Amino acid sequence: MNRAAFARLSPAAKLLVINQFGINVGFYMLMPFLAAYMSGNLGYGAAVVGLVLGVRNLSQQGMFLLGGTAADRLGCRPMIIAGCALRVVSFGLFAVFTSLPGLFAAAILTGLAGALFNPAVRTYLMHEAGERRAEVFAVFNVFQHAGTLVGPLLGALLLAVDFRIIALVACVAFAVLTVAQLLVLPHREVESQQQSVLGSWREVVLNRRFLGFTLSLSAYFALYNQLYLTLPLEAQRVSGMAWSIAVVFGVSTVIGVFGQVRITEWCRRRWSSGRSIVLGLCCMGASFVPLMLAAPALPESLPAPGALGTALAFVPVVVAIVLFTVGQAMTNPFAMELLPEIGSERLAGTYYGFYYLVSSLVAAGVSWLAGALLDAFAEPGVRWLPWLALLLVGLAGAAGTALMERRGLLSRAKEQATTA
């Protein structure tokens with residue numbers, strides 16, 4: 001972590017990035033263990049567990065646009081506070097209820113809370129960052145990564161006592177964050193809107209330049225989801241050990257915490273924001289090449305005899321994770337920088353919400369396709385096909401962004417018409 005980069009943030013921005021660390025700690029303290037708790041302790045079947053998790057995901061993704069619109073019209077600060085307060089309630093429900101209706105209610109409220117504060121936090125941070133948006137979002141990502149690392153470690157320790165203790169501790173963490181935001185987070189004036197909610201949504205939909213950018217950038221989220229799906233599955237397959245999944249997240253988190261700010265500054269010195277996104281998406285897509293090349297050489301029944309064989313089989317996974325995380329670090333801050341400029345700073349929350357809504361739908365489709373391909377092409381001779389598909393997703397997103405960059409649609413975006 002670059003301390004100088006954090007020191008340059010405004011007081012409000014510092015609070016927001018520390019807040020995001022706390023949010024990720026609280027969230028990842030509980031959510032990675034929820035499925036095991038429901039199946040192992042409560043006795044629910046895999047289908048029911050999957051339905052609860054799916055409802056949580058859908059309630060968050062489906063409400064992103066509403067959350068972003070509320071941030072534009074009611075203010076970012078109230079939405080951030082409301083989202084954290086709602087997490088207090090939802091995680092408290094996980095500690096109290098074991099019945100299916102109670103778990104569904106907790107899952108829905110957890111997703112709704114994320115839909116409220118995610119676009120609002122980014123919109124508030126965008127206004128605070130001024131002309132240094134990519135650098136500020138890079139620091140934001142560092143704190144996100146750190147929270148993602150600390151949360152599961154605390155959750156694993158508390159799980160030895162009781163899952164409900166995890167839920168209560170997470171509940172307390174969100175309560176502290178809510179109080180801190182009430183006391184410290186400054187109020188920002190809400191710009192008056194001259195059109196209705198439907199009118200603002202219509203503006204977003206008719207902004208062809210923003211739609212093109214959103215579709216291209218949806219490749220980022222589609223690949224990012226593989227950090228939770230195909231990459232852990234491949235790590236476990238080649239090693240034969242469940243703990244190897246921790247290596248995936250460990251390597252990714254270490255690079256994110258210690259490399260994000262440096263990678264962003266390095267890209268800023270050499271390329272434009274659009275070019276950085278193009279190369280970042282190429283890098284994320286190329287991260288699947290080592291797995292594609294290794295697939296025909298690795299039998300389905302792994303690990304190979306001996307520790308050395310297992311280690312060698314795991315090398316392509318580690319290389320893939322390194323390339324994947326570097327590409328992610330190159331892409332995300334500059335994407336967050338350009339989104340409100342290509343869209344509208346006046347409706348930044350609405351544009352962020354729409355972007356997340358479309359990206360989450362694309363990511364769900366790509367994740368389903370990747371999972372289906374892994375199931376259908378499990379034999380060594382054809383196992384490279386799923387990785388080829390993910391490579392093409394990254395290259396398609398990069399090609400779309402490169403085309404916009406070449407046509408000048410990503411440069412001096414503030415001076416161009418929002419409905420170009």
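Applying the selection to region 353-384, what residues are open to solvent by 50 Å² or more (accessible area, probe 1.4 Å), part of a helix (DSSP H, G or I) and over 30 Å from A70 (Cα atoms)?
Scanning region 353-384 gives W368, L369, D375, A376, W384.
Can you find a residue that is modelled with pLDDT under 85 and assigned to a helix (DSSP H, G or I) anywhere in region 265-276?
No, region 265-276 contains no residue that is modelled with pLDDT under 85 and assigned to a helix (DSSP H, G or I).
Go through the residues of region 221-240 one by one and say whether even a single one is of a type in the set (A, V, I, L, M), within 18 Å of G371 (Cα to Cα) and free of Cβ contacts under 8 Å to residues at least 24 places away in the same chain.
no
Within the bounds of region 12-22, is there any residue that is touching a residue at least 24 places away in the same chain (Cβ under 8 Å), part of a helix (DSSP H, G or I) and over 21 Å from the mean Cα position of the chain (by Cα)?
Looking through region 12-22, at least one residue is touching a residue at least 24 places away in the same chain (Cβ under 8 Å), part of a helix (DSSP H, G or I) and over 21 Å from the mean Cα position of the chain (by Cα).
Could you list all residues from region 326-350 that are under 14 Å from F210 (Cα atoms) and open to solvent by 10 Å² or more (accessible area, probe 1.4 Å)?
Within region 326-350, E337, E341, S344, E345 meet the criteria.
Can you find a residue in region 282-291 that is touching a Ser or Thr at 6+ places or on another chain (Cβ under 9 Å), open to solvent by 50 Å² or more (accessible area, probe 1.4 Å) and within 26 Å of E337 (Cβ to Cβ)?
No, that holds for no residue.
Scan region 50-92 residue by residue and report those that are surrounded by 19 or more Cβ atoms within 10 Å (Cβ to Cβ), touching a residue at least 60 places away in the same chain (Cβ under 8 Å) and over 17 Å from Y356 (Cβ atoms).
G75, R77, I81, C84, A85, R87, V88, F91, G92, listed by residue number.
Inside region 190-204, can you point out the residues that are open to solvent by 20 Å² or more (accessible area, probe 1.4 Å) and touching a residue at least 12 places away in the same chain (Cβ under 8 Å)?
The answer is V190, E191, Q193, V197, W201, E203.
Can you find even one residue in region 135-142 that is open to solvent by 40 Å² or more (accessible area, probe 1.4 Å) and of a type in the set (D, E)?
Step one: filter region 135-142 for residues open to solvent by 40 Å² or more (accessible area, probe 1.4 Å), giving none.
Looking through region 135-142, none of the residues is open to solvent by 40 Å² or more (accessible area, probe 1.4 Å) and of a type in the set (D, E).
Which numbered condition trips up V204, out of (1) modelled with pLDDT under 90; (2) part of a helix (DSSP H, G or I)?
Going through (1) modelled with pLDDT under 90; (2) part of a helix (DSSP H, G or I) one by one, V204 breaks only (1).
Among the residues that make up region 371-392, is at least one of them modelled with pLDDT of 85 or more, in contact with a Cys (Cβ under 7 Å, 6 or more places away or on another chain) and of a type outside the set (D, E)?
No, every residue in region 371-392 fails to be modelled with pLDDT of 85 or more, in contact with a Cys (Cβ under 7 Å, 6 or more places away or on another chain) and of a type outside the set (D, E).
For F97, all conditions in the list (1) touching a Lys or Arg at 6+ places or on another chain (Cβ under 7 Å); (2) under 23 Å from A173 (Cα atoms); (3) not β-branched (V, I, T) hold save one; what is the number of the exception?
Of everything listed in (1) touching a Lys or Arg at 6+ places or on another chain (Cβ under 7 Å); (2) under 23 Å from A173 (Cα atoms); (3) not β-branched (V, I, T), F97 misses just condition (1).
So V161 passes all but one of these: (1) surrounded by fewer than 18 Cβ atoms within 10 Å (Cβ to Cβ); (2) of a type in the set (V, I, T); (3) touching a residue at least 40 places away in the same chain (Cβ under 8 Å). Which condition number does it fail?
Tallying (1) surrounded by fewer than 18 Cβ atoms within 10 Å (Cβ to Cβ); (2) of a type in the set (V, I, T); (3) touching a residue at least 40 places away in the same chain (Cβ under 8 Å), V161 fails exactly one: (3).
A246 - would you say it is farther than 20 Å from V136 by Cβ, of a type in the set (A, V, I, L, M) and crowded, with 19+ Cβ neighbours inside 10 Å?
Considered against the rule, which asks whether it is farther than 20 Å from V136 by Cβ, of a type in the set (A, V, I, L, M) and crowded, with 19+ Cβ neighbours inside 10 Å, A246 comes out as no.
Mind listing just one residue for me: the one in region 13-47 that is of a type in the set (A, V, I, L, M), crowded, with 16+ Cβ neighbours inside 10 Å and modelled with pLDDT under 90 and, of those, farthest from A85 (Cα to Cα)?
Among those residues, the one meeting the criterion is M38.
Could you run through region 219-233 and say how many residues are touching a helix residue (DSSP H, G or I) at 6+ places or on another chain (Cβ under 6 Å) and either modelled with pLDDT of 95 or more or not polar (S, T, N, Q) (or both)?
8
The values are calculated or read from the model by the stated rules, or taken from the named source; none is laboratory data. As the structure is a prediction and not an experimental result, all values here were calculated from the model. All Cβ positions, glycine included, derive from the backbone under ideal geometry; neighbour counts span all protein chains shown. Calculation scope for accessible area: heavy atoms of the full protein, side chains included, ligands and nucleic acids excluded. Shrake-Rupley method; radii C 1.70, N 1.55, O 1.52, S 1.80 Å.
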